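Notes to accompany the following structure.
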Amino acid sequence: MGAWSARHRKAAVFGWLVFVVLAAFLGGAAGSHKITDAESMPGQVAQAAKILDQAGIKSPQGETVLVQSAARTADDPAFRAVVEQTVAAINGTGRTTDLRSPYDSGAISADRHSALIQFTVVGDADQAATAVTAPLNAVAGVQHAQPSFTVAEFGQASATRWSNDQFKNDFSAAEWTAVPLALGILLIAFGALVAAVLPVGLALTAFIAAGGLVGLSSGFLHTSDDASSVMLLVGLAVGVDYCLFYLRREREERAAGRSPEDALRVAAATSGRAVLVSGITVVVAMAGMFFTGIADFQAMSYATIVVVITAVLGSLTVLPALLSMLGDRVEKGRVPFLHRLKAQDVSSGSRIWNAVLTPVLRYPLAATVAAAGLLLALAAPLVTMHTANLTFEQSLPKGNALVATSERIQAAFPGSPAPAEVVVKAGDIEAPAVQQAIADLKSRALASGQMHGPIDVTTYRAQNVATIAVPLDGSGNDATSTAALATLRGTLVPDTLLKVPGTQAPVTGNTAASYDFNRQMTRSMLPVFAFVVVFAFLLMLASFRSLGIAVTAVLLNLLSVGAAYGVLTLVFQHGVGASLLGTAGVGAVESWVPLFLFVILFGLSMDYHVFVVSRIKEAHDRGLATRDAVAHGIRSTAGVVSSAAIIMVAVFAVFGTLSVQSMKQMGVGLAVAVLVDATVIRGVLLPSVMSLLGERNWYLPSWLSWLPNLSHGEPVPVPQAPAQQPGSPADEGARHRRVTA
C-alpha cells in the first residue's frame with residue numbers, strides 16, 4: 001500500500017480529498033437518524049416505550065415549578081397569591097397544557113411550606129426543548145418580582161434544553177482545545193511545523209469523513225450524541241498516533257542514511273504494519289460491544305469502528321503519498337530550539353527512559369513485583385465499584401441551577417423529580433375492571449410505605465392507554481429506590497393491573513431504566529469480555545507467532561484496565577480528589593463507562609504494545625539476544641511512545657473537563673489508563689517480564705507452526721552511508737548492523 005501510494009502520489013492525495021468531501025456531503029444530505037427511546041433501553045423500559053410509540057403517544061414533557069417559603073405556608077394568602085401569579089404567567093405563554101395548581105392536585109408538602117405547579121410543554125421532546133424557553137422566562141419573571149419566595153422550574157423539557165445546549169458547547173470546546181493541544185505536542189515532538197501539521201490534518205479529515213459515513217448509514221444503524229463525542233475522542237487520538245508512528249519511523253530511517261524511497265518502504269513495512277495490526281485490534285475490540293444488545297453501545301461501537309478504519313486507511317495511503325511528495329521538506333518550518341531538543345533526544349535515546357530502563361533490565365524480578373504491586377494497588381478500589389444510570393442531578397456539575405431546584409423538590413417531595421411510570425395498555429382502558437385495578441394500585445402504593453403521592457394518572461382513551469406516575473422512595477438509583485421498584489414490579493402491578501385479562505403494564509422511569517440497563521450489562525459482560533480477550537489474543541498470536549507475546553499482551557492490558565477502573569471508583573464514586581476535576585463523588589460510576597473503557601482500552605493499548613514489541617522482534621530477528629533486543633526496542637521507541645501517549649492523555653483529559661459526568665468519567669478513565677500503559681506497563685513491566693522470559697518470549701508450539709510468518713524486519717538491504725560521527729543516529733544504526741553480521 002505504501003509503495004503504490006508513493007508511485008501514484010496524486011491519485012492517493014486527491015482520491016483521499018474527494019473521498020472526504022463526498023462522505024461529508026452525502027452524510028450531511030442524508031441527516032442523522034437518532035436512537036429512539038424504544039431502542040435505547042432493554043427490559044420493561046423498552047416495552048413501555050414501544051407501547052407509547054405504537055399508540056403515537058409522545059412522552060409528556062412534564063415540568064414542575066416549586067413555590068417555597070421558609071416563613072409562610074400554603075394556607076397563607078400571600079403564598080396563594082404567588083402560586084396564582086405563577087400559574088397566570090405560565091398560562092400566558094401559550095406553550096403549555098394540562099396545567100395543575102397545587103390547590104387542585106394536592107401537591108403540597110407535609111410541612112405546607114412547599115407547593116408544586118405541574119404542567120406539560122407542548123410538542124415532542126425536541127419541540128418541547130425549544131418551547132420551554134417561554135415558561136422558564138415567565139417563572140424567572142415571577143421570581144424576580146417575589147424575592148422573598150423561591151420560584152424555580154425543573155422538568156424533562158428544561159433538562160433536555162440544558163443538555164442540548166451544553167452538549168453543543170462542550171463538543172465545540174473539546175474540538176477547539178484538543179486540536180491545538182495535539183498540534184503543540186507534535187510541534188515539540190518533531191520540531192518542525194509541517195511534520196506537526198500532517199498528523200493533525202489527517203486525523204481531522206478522517207474524523208470528518210467518518211462522521212459523514214456514520215450519518216449516511218444511520219438509516220439502518222441509528223446513531224447518538226454520545227457516538228459523536230466518542231468518535232471525535234478516539235478518531236483524533238488514534239489518527240494522530242498512527243501518523244506519528246509512521247512519520248517518526250520514516251524520519252528515523254532518513255537520519256540513518258537511507259534514500260527517501262527506501263526510508264518510506266521501511267516505514268510502510270514496519271510502522272505501517274504496526275498501524276494495521278493495531279487498527280484491526282481496535283476494530284475487533286469495539287465490535288465486542290455489539291454483544292450488549294443495547295443500541296447506544298452499538299452506535300458508539302459502530303462510530304468508533306468507522307473512524308478507526310478511516311484513520312488506518314489514511315495512514316497507509318495518503319500519508320506515504322504526502323511524504324513521498326514532500327521528501328525532506330517535511331522538516332520545513334523548523335523551530336530552532338525545539339528542533340535541537342528533538343535531535344538531542346534522538347541521539348541520546350531519551351535520557352529519562354535510559355535511567356528507568358537500566359535498573360529494570362538489571363533487576364527484572366524486583367521491577368516486575370514493584371510495577372505489578374503498584375497497578376494492583378491502583379486497581380484495589382475496583383472491588384467496591386457500584387454502577388448505575390446516573391440521574392440528571394448526578395450528571396450535572398454541582399451548583400447548577402437545575403440541580404439545585406431538583407434537590408429542593410426532592411427534599412420536599414421525595415421521589416417527585418423522577419417517579420416510576422406504569423404504562424397500562426388494555427382492551428378498554430375505561431372498563432370498570434381496569435379503572436378499579438388502577439385505583440387499587442394507587443391505594444396499595446401509598447400504603448406500601450415505599451412510595452409517595454401525588455400519584456398522577458393520565459388516560460388516552462382513543463389509544464386505550466394510561467400512564468401512572470408513582471414517586472418512589474430514595475434518591476432514584478440507591479438501594480431504597482431499587483427496593484421500591486421491585487415491590488412495584490414484583491407485587492403491586494401483578495396483584496392489581498395484571499389481574500385484568502389482556503392488560504400489559506410495564507414499569508419505566510429513571511430508576512427502572514437504571515435497573516434494566518445494569519441487568520442487561522451484567523448479562524452481556526462475560527460475552528463481551530470473552531470476545532475481546534480471545535480475539536486480541538488470537539491477533540497477537542497471528543501477528544507475532546509467539547504464545548508468550550500474546551499471553552503477555554492480554555495480561556498487561558488487563559492490569560492497565562484494572563488500574564483505570566480503580567481510579568474511576570476512587571474519584572467519581574468515593575469522591576477522592578474529585579474537587580480537582582471540578583466535580584464531586586456521585587456514589588456511582590455511569591453504567592456504560594466500565595464496559596466501554598474495557599473494549600476501547602484493549603484496542604488502544606495495542607497501539608503501544610504492537611509498536612514497541614514490533615521493534616523488539618525486529619531487533620531479535622536481526623540477531624540480537626532477547627535482553628539486548630528489549631533494550632533496543634524500548635529505547636528506540638521511547639520518544640515516539642512518549643509523544644503519542646502525551647497526545648492521547650491530553651485529548652482524553654480535555655473530555656475530563658467537560659460538564660456532563662459520563663463524558664468526564666470516560667475522559668479521566670481513558671487518560672489514566674493510557675498514562676499507566678505508556679509509563680508503568682511499557683517502560684517497566686513489559687521489559688522486565690520479557691527479560692525474565694528470555695527466549696521463551698518467542699515460543700510457538702509445533703502444532704501452531706502453520707501460522708503465517710509475517711516478518712517484522714527491514715525489507716530492503718541497508719545502503720552504504722558516508723562515515724558518521726560516533727554517537728550519531730547513523731553510527732548507531734551501523735553498529736547494530738555490524739552486530740547482526
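The values are calculated or read from the model by the stated rules, or taken from the named source; none is laboratory data. Just so we're clear, the structure is a prediction, and the values are computed from it rather than from any experiment. Methodologically, a virtual Cβ is constructed for each residue, glycine included, from the backbone with ideal geometry; neighbour enumeration extends over all protein chains shown. Quick note on the areas: whole protein, heavy atoms, side chains included, nothing else; ligands and nucleic acids left out. Shrake-Rupley method; radii C 1.70, N 1.55, O 1.52, S 1.80 Å.
The lysines within cross-link reach of LYS34, meaning a Cα-to-Cα straight distance under 23 Å and a gap of 8 or more places when in the same chain, are LYS50, LYS58, LYS168, LYS664.
For ASP428, ASP124, the ranking by accessible surface with the largest value first comes to ASP428, ASP124, using a 1.4 Å probe. Region 538-579 to region 488-511: how many Å between their Cα centroids? Between the Cα centre of region 538-579 and that of region 488-511, the gap is 43 Å.
For the chain, the solvent-accessible area of protein heavy atoms averages 40 Å² per residue (probe radius 1.4 Å; ligands and nucleic acids excluded). Considering only ILE90, TRP698, ALA173, and ranking their Cα positions along the charge dipole of the chain that arises from unit charges at the beta-carbon of Lys, Arg, Asp and Glu, the one farthest toward the positive end is TRP698. Reducing region 248-297 and region 144-199 to their Cα centroids gives an inter-centroid distance of 30 Å. Of the residues ALA530, LEU326, ALA24, the one whose Cα sits farthest towards the positive end of the charge dipole of the chain is LEU326 (charges of +1 on Lys and Arg Cβ, -1 on Asp and Glu Cβ, taken about the Cα centre). Set against the labelled values [x] 154; [y] 178; [z] 220, volume of the Cα convex hull per residue in Å³ computed from this structure falls on [y].
With one equal scatterer per alpha carbon and no solvent term, the Debye-computed log10 I(q)/I(0) for region 152-194 at 0.29 1/Å reads -0.91. Rounded to whole numbers, the Karplus 3J(HN,Hα) couplings from phi for region 514-520 are 4, 5, 5, 5, 4, 5, 5 Hz, using 6.51 cos²θ - 1.76 cosθ + 1.60 with θ = phi - 60°, and x at Gly and Pro. Over the chain, Cα pairs under 8 Å with separation of 6+ residues give a relative contact order of 18 percent. The relative contact order of region 67-203, computed from alpha carbon pairs under 8 Å that lie at least 6 residues apart in sequence, is 21 percent. Surface composition of the chain: carbon plus sulfur atoms contribute 61% of the solvent-accessible area (1.4 Å probe, protein chains only, all chains present). Dividing the summed -39500 (n - 2.57) terms of all DSSP H runs of n ≥ 4 by the residue count of the chain sets its mean residue ellipticity at 222 nm at -21000 deg cm²/dmol. Between amide H atoms placed 1.01 Å from N, distances below 5 Å from VAL589 occur with HIS386, THR387, ALA388, all of them 5 or more places distant or on a separate chain. Computed from the Kirkwood radius of its Cα pairs, the Stokes-Einstein diffusion coefficient for region 260-318 at 20 °C and 1.002 mPa s stands at 171 µm²/s. Counting only DSSP beta bridges with both residues in region 390-516, the antiparallel share comes to about 100 percent. In straight-distance terms, cross-link reach from LYS442 covers every one of the lysines whose alpha-carbon lies under 22 Å from its own, apart from those fewer than eight places away in the same chain; here that gives LYS425, LYS499. Couplings 3J(HN,Hα) for region 195-203, derived from phi with the Karplus relation 6.51 cos²θ - 1.76 cosθ + 1.60 (θ = phi - 60°), are 4, 6, 6, 3, x, 5, x, 5, 5 Hz, where x marks Gly and Pro.
Counting 0.36 nm for each residue step from ARG523 to VAL576 and taking away their Cα separation leaves a gain of 16.1 nm.
What is the Cα centroid distance between region 48-76 and region 399-466, reported in whole angstrom? What the calculation gives is 10 Å, centre to centre.
Once Rg and the Kirkwood radius are both taken over the C-alpha atoms of region 609-686, their ratio Rg/Rh works out to 1.15. Tell me whether region 146-281 comes out rounded, prolate or oblate; compute the Cα gyration tensor, take square roots of the eigenvalues as a ≥ b ≥ c, and use a/c under 1.5 as the rounded threshold. Note, shape of region 146-281 comes out prolate. Distant-in-sequence amide contacts of GLY155, defined by a placed amide H-H separation under 5 Å and a gap of 5 or more residues or a different chain, comprise THR64. Going by the alpha-carbon gyration tensor, a ≥ b ≥ c the square roots of its eigenvalues, is region 464-609 rounded (a/c under 1.5) or, if a/c is not under 1.5, prolate (a/b greater than b/c) versus oblate? Oblate shape, in that a/c is at least 1.5 and b/c is the bigger or equal ratio. Nearest 5 is fine: what % of DSSP beta bridges in the chain come out antiparallel, could you say? Antiparallel: roughly 90 percent of the beta bridges in the chain.
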